[in-house]
Amino acid sequence: MILMKQITLIKFLFVATSVCAADVPITQDDLVRRTQELYDAVVPANQAPWKKYFADDCIFADEKGRVFDKPKLIADITPLPT
């Protein structure tokens, strides 16, 4: 019984590792481009890049020490004053 549980666990870990390994790593150029998209989206309060690049289960902490989940983060993105 214990051996079957161990084999099942090993199979699960193998599949999980295989799925994660299949992800294509992000290049430095992509990282810089995505970061620039996020910065450019701040002033006009364009929420699209923030929705695109932040995971649904992310936790974000700002410079004031506030902690947001993704919906609160997106809601907090508003246009800057002129």
How far is it, in nm, from the label point at residue 45 to the one at residue 67 when both lie 7 Å from their Cα along the line to the Cβ? 2.7 nm
In the range 32-81, if every C-alpha pair distance is counted and binned at 5 Å from zero, what percent goes to each bin? 5, 21, 29, 29, 15, 1
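None of the figures in this text is laboratory data; all of them are computed from the coordinates on show. Predicted, not measured: the structure shown is a model, and the values here were computed from it. Here Cβ is always computed from backbone atoms with ideal geometry, including for glycine, and neighbour counts include all displayed protein chains.
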